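> Please read through the structure below; I'll follow up with questions.
The values are calculated or read from the model by the stated rules, or taken from the named source; none is laboratory data. Here the structure is a predicted model, which is why all the values come from computation and not from measurement. Every residue, glycine among them, receives a Cβ derived from its backbone with ideal geometry; neighbour counts consider all protein chains shown.
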Amino acid sequence: MSSTEQGTSSAAPAEPTTAPESAAAPEVPESFYYVHGKDKVVHKVSAGALQHSALIHGMISNLGYTEEQAKANPFPFENIDGDILQMVVDWCNQHKGKPTPPEDTNLPKQKEKLFDLVLAVNYLEIKELLTYCCKQVAMMVKGKSPEEIREIWMIPTDAEDEAAEKEAKKRAGKEAAGETAAAAGDAK
Amino acid sequence: MVNWSQLPPEIKRHVAKKLDFMSRHAMKSTSHSDRLIVNSTSFELPRVRFGYKGDRCLIVIYTGVEKFLRLEMIKEAHGITVLRSENSWDPKAISSKQLPPTSDLFKLGLLFLKSLLAEKLILIKIIEFEIDKNEKIFKNRISGIMGGAKFRINEIAANTVNVEFVEEFMNFLTIRKDLKILRNFDFHAFEENLGFQLVAEVSTMHGGESRLRYYKSMFYMNTVTPNTQNLSNDLLRNLVRDDENEGMKLAAAHILSPHIDEILPTVREENYSAIREHTKCGYSNFWMESKNEKALEKYTNLPCSLGNYCKDCGDPFEYWYYQNLPRRILHEPFWTDFISFYENGKTENVLRSKFRADENRKKQHLKNQKNPKNSKNSWGFGQISVEKLMEKMGNFNGKNTKNKKKKSRKLAEKVPEILEDSEDFQNSEDVEMSPEDSEVLENPDDVENAPEDLFSEDSELQTAPEDNLDDVKDSEISEDVRNSENSKILIFLLFPILGAFIFYWIFIEFFAF
């Protein structure tokens, strides 16, 4: 408990007995949970840090794991790369119990990593980090022309999109035709 | 590897919300799905200015305090000169572009505005008009140009000369349910201060809250004395009494940081109720007809009575905007119709030099800052790097040699009058207009594509930024290109002559031998 809190509670005349008790109460040991990504590397994260993630926080409250159970069953996030999960865990640890600053300069600058991070953060429902990431993504294209944006974000043009769609349809049609032919052959 | 196309639409929308105004506009042109994404995210602009006077058309889009995008189109005999700048009045940071001539500059300007801002989810908090009072034909033309599209605007502001005129055509421009306020404002310029010190304001409300509210705001730059208070109080009383405008009127005089000794006691009058509020921020005096005095109650015991005219409690943008409005005397002397009164004949010049000195002081202060903010320019408003400029000059040169037989017209560049007091404006390079380019505006159907062309950098050459292009001016680069052209011609001409001469000499020597 902080010194200011102690001062306030000791000054309160209504509950003179509770204040010294609470001041003397031993700190509750922090509980830890375990998560792993695609690479199966297990990361140990405190419950305080995990509060940033609405998804994990919900899982913890619903499952009611003890520390031993949590150690034995780390939360699996098979859709998140190991290095990306490491970034997320680091961010959660850094901002544990702190008010989030208006800007975060430690986010990756490479678009591939940033997009992966955005997807992971969106999945884990970490609202503040998602806001930072989206801001960072938006900053990538500041001052750029539509052609440059297309290049940076690898956005296909409408014509390319149409061509890809046509090709996919054609391929699907061919596959379907192949399957029906094979089925007819089997029937014979 | 994840790319943009694989992101879910809600994330894309989240990103689109964080984009600055021009990036948002650029993103709309990347693909159809991204256009849909952008069009489904809301965007708010604190203020937009649209001006049309003589042969000039002005669009200024404010995105925050000291953040704006400015486009001024000047009609000249050989075409339209477009001056573009972002967040700066430094003449060296102004880039220019030439567009082919058009007979209707107003139409061009309004189409730019329409293409940039006429969207369902773009909300303009205030739009300000400054239009030539002699132009009377707008009403019919505007509806034609807008083609049914409308802007979402909360407030329309115009100077006293323009306000009635604006009222005639505003319904063709705005969605009525969004429009809440019509403001008529003017400035009284005095030499003592750089910003306003007193605002006398009257608001008139007709019927329910949904009806349009009329404001008349008069800004005074003089230091408040008992004499000016008497004047403003008289003015307010007259405005409340004004029988021409029916409705419930509330008059208010707001004085910023007054000396208590200078404040006069409120003069009471029969049939009128008045309350005075003196807070740490300033002093306000509210007037109303006694029959409406219940409405006055909400103005009592306010923590701050100055509203948006308070530096600490009001909207920072509104405060910044109105405090800096008289600086147009220095930056945009052509667009100062809102100043209805000058203290004397010299006031304009005195204020201009005061503003210049203040701007220099600010610039020096920024230079002395250890970590000056180095933000990128928006699309279409950026400064060009030396390498890119050279590359463009290379393409430009190549294009010219290929299209030598094509008819092209050279557009001379003028130092625009807007920068008449800034002698150091760097002229942009003359732009060779190819026939393809000139088709852009000659065909009226294509005029809506003009904004894209305006912001594109393919055919443009911008002025060099102060820092990295001081010694590589456009004209010098152009000179270099011309020199290299000449040297090529010399080589092509001289080489056969020299060759022939050598062969001739060998031939003579051979026979002599």
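> Go through (1) surrounded by 18 or more Cβ atoms within 10 Å (Cβ to Cβ); (2) more than 31 Å from the chain's Cα centre (by Cα); (3) assigned to a helix (DSSP H, G or I) and name the single condition B:LYS298 misses.
(1)
> Consider A:ALA164 carefully, then state whether it is surrounded by 14 or more Cβ atoms within 10 Å (Cβ to Cβ) and not charged (D, E, K, R).
no
> Still on this model: Would a scan of segment A:89-99 turn up a residue that is more than 10 Å from every other protein chain (Cβ to nearest Cβ), hydrophobic (A, V, I, L, M, F, W, C) and assigned to a loop (DSSP other than H, G, I, E, B)?
Filtering segment A:89-99 down to residues more than 10 Å from every other protein chain (Cβ to nearest Cβ) leaves A:89-99.
From what is left, the residues that are hydrophobic (A, V, I, L, M, F, W, C) are A:89, A:91-92.
Next, only the ones that are assigned to a loop (DSSP other than H, G, I, E, B) stay: none.
No, because not a single residue in segment A:89-99 is more than 10 Å from every other protein chain (Cβ to nearest Cβ), hydrophobic (A, V, I, L, M, F, W, C) and assigned to a loop (DSSP other than H, G, I, E, B).
> So, one more: Is it the case that B:ARG13 is within 14 Å of chain A (Cβ to nearest Cβ), free of Cβ contacts under 8 Å to residues at least 60 places away in the same chain and under 22 Å from the mean Cα position of the chain (by Cα)? Outline the logic, then answer.
Details: within 14 Å of chain A (Cβ to nearest Cβ): yes; free of Cβ contacts under 8 Å to residues at least 60 places away in the same chain: yes; under 22 Å from the mean Cα position of the chain (by Cα): no.
Considered against the rule, which asks whether it is within 14 Å of chain A (Cβ to nearest Cβ), free of Cβ contacts under 8 Å to residues at least 60 places away in the same chain and under 22 Å from the mean Cα position of the chain (by Cα), B:ARG13 comes out as no.
> Something else about it: Name every residue in segment A:114-129 that is closer than 16 Å to B:LEU19 by Cβ and more than 7 Å from every other protein chain (Cβ to nearest Cβ), in order of residue number.
The one that is closer than 16 Å to B:LEU19 by Cβ and more than 7 Å from every other protein chain (Cβ to nearest Cβ): A:LEU114.
> Of the residues that sit in segment B:17-62 and are among the β-branched types (Val, Ile, Thr) and farther than 29 Å from B:GLY79 by Cβ, which one is surrounded by the most Cβ atoms within 10 Å (Cβ to Cβ)? I'd like the intermediate steps shown before the answer.
Start the filter on segment B:17-62 by keeping residues that are among the β-branched types (Val, Ile, Thr), which leaves B:30, B:37-38, B:41, B:48, B:59-61.
Then keep just the ones that are farther than 29 Å from B:GLY79 by Cβ; that gives B:30, B:37-38, B:41.
Details: B:THR30: 26, B:ILE37: 21, B:VAL38: 24, B:THR41: 17.
Once the filter is applied, the top-ranked residue is B:THR30.
> If I filter segment B:126-139 for residues that are touching a residue at least 12 places away in the same chain (Cβ under 8 Å) and more than 21 Å from B:GLY54 (Cα to Cα), do I get at least one hit?
Yes, because at least one residue in segment B:126-139 is touching a residue at least 12 places away in the same chain (Cβ under 8 Å) and more than 21 Å from B:GLY54 (Cα to Cα).
> Name the pairs: first residue in segment B:282-301 and outside the structural domain of B:LEU250 (by TED's automatic domain parsing), second residue crowded, with 17+ Cβ neighbours inside 10 Å and not in a strand (DSSP E or B), Cβ to Cβ under 9 Å, at least 6 apart or on different chains?
none
> Considering each residue of segment A:176-187, count those that are surrounded by 10 or more Cβ atoms within 10 Å (Cβ to Cβ) and of a type in the set (D, E, K, R), and give that number.
1
> May I pose another question? Residue check: is B:SER29 of a type in the set (S, T, N, Q), more than 23 Å from B:LYS114 (Cβ to Cβ) and within 7 Å of chain A (Cβ to nearest Cβ)?
Numbers: of a type in the set (S, T, N, Q): yes; more than 23 Å from B:LYS114 (Cβ to Cβ): no; within 7 Å of chain A (Cβ to nearest Cβ): yes.
So B:SER29 does not fit the description; no.
> Here's a follow-up. Looking only at segment B:48-72, which residues are closer than 20 Å to B:VAL166 by Cβ, in contact with a helix residue (DSSP H, G or I) (Cβ under 7 Å, 6 or more places away or on another chain) and hydrophobic (A, V, I, L, M, F, W, C)?
B:VAL48, B:PHE50, B:CYS57, B:ILE59, B:ILE61
Residue-by-condition table, conditions (1) closer than 16 Å to A:VAL121 by Cβ; (2) outside the structural domain of A:VAL121 (by TED's automatic domain parsing); (3) at pLDDT below 85:
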{"position": "A:ASP39", "(1), (2), (3)": "no, no, no"}
{"position": "A:SER46", "(1), (2), (3)": "no, no, no"}
{"position": "A:ALA49", "(1), (2), (3)": "yes, no, no"}
{"position": "A:GLY64", "(1), (2), (3)": "no, no, yes"}
{"position": "A:GLU78", "(1), (2), (3)": "no, no, no"}
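One line per residue, one yes/no per condition, for (1) assigned by TED's automatic domain parsing to the domain that holds A:LEU114; (2) of a type in the set (Ser, Thr, Tyr):
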site: A:SER145; (1), (2): yes, yes
site: A:ILE149; (1), (2): yes, no
site: A:ALA163; (1), (2): no, no
site: A:LYS166; (1), (2): no, no
site: A:LYS170; (1), (2): no, no
site: A:GLU175; (1), (2): no, no
site: A:GLY178; (1), (2): no, no
site: A:ALA183; (1), (2): no, no
site: A:ASP186; (1), (2): no, no
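> Collect the residues in segment B:170-182 that are part of a helix (DSSP H, G or I) and crowded, with 19+ Cβ neighbours inside 10 Å, keeping them in residue-number order. Spell out how you get there, then give the answer.
Keep residues of segment B:170-182 that are part of a helix (DSSP H, G or I), which gives B:170-173.
B:MET170, B:LEU173 - these are the residues of segment B:170-182 that are part of a helix (DSSP H, G or I) and crowded, with 19+ Cβ neighbours inside 10 Å.
> Take the residues in segment B:212-261 that are surrounded by fewer than 12 Cβ atoms within 10 Å (Cβ to Cβ) and more than 26 Å from B:CYS281 (Cα to Cα); name whichever of them is modelled with the highest pLDDT.
B:ASN238
> Mind listing just one residue for me: the one in segment B:32-67 that is closer than 27 Å to A:LEU114 by Cα, hydrophobic (A, V, I, L, M, F, W, C) and touching a residue at least 24 places away in the same chain (Cβ under 8 Å) and, of those, nearest to the other protein chains (Cβ to nearest Cβ)?
My answer is B:ILE37.
> Sort out which residues of segment A:131-160 are within 7 Å of chain B (Cβ to nearest Cβ) and either under 20 Å from the mean Cα position of the chain (by Cα) or in a helix (DSSP H, G or I) (or both), and write them in order of number. So that I can check it myself, show each step before the final result.
Keep residues of segment A:131-160 that are within 7 Å of chain B (Cβ to nearest Cβ), which gives A:134-135, A:137-138, A:141-146, A:149-150, A:153-158.
Scanning segment A:131-160 gives A:CYS134, A:LYS135, A:VAL137, A:ALA138, A:PRO146, A:ILE149, A:ARG150, A:TRP153, A:ASP158.
Conditions tested, residue by residue: (1) surrounded by fewer than 18 Cβ atoms within 10 Å (Cβ to Cβ); (2) in a loop (DSSP other than H, G, I, E, B); (3) in the same structural domain as B:THR279 (by TED's automatic domain parsing).
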position	(1), (2), (3)
B:ASP312	yes, yes, yes
B:TYR319	no, no, yes
B:ASN324	yes, no, yes
B:ARG327	no, no, yes
B:LEU330	no, no, yes
B:PHE341	yes, no, yes
B:GLY345	yes, yes, yes
B:LEU351	no, no, yes
B:ARG356	yes, no, yes
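> Here's another thing I want to ask about it. Report whether or not B:ASN308 is in the same structural domain as B:GLY195 (by TED's automatic domain parsing), among the polar types (S, T, N, Q), in contact with a helix residue (DSSP H, G or I) (Cβ under 7 Å, 6 or more places away or on another chain) and at negative phi.
For B:ASN308, the condition - in the same structural domain as B:GLY195 (by TED's automatic domain parsing), among the polar types (S, T, N, Q), in contact with a helix residue (DSSP H, G or I) (Cβ under 7 Å, 6 or more places away or on another chain) and at negative phi - is met.
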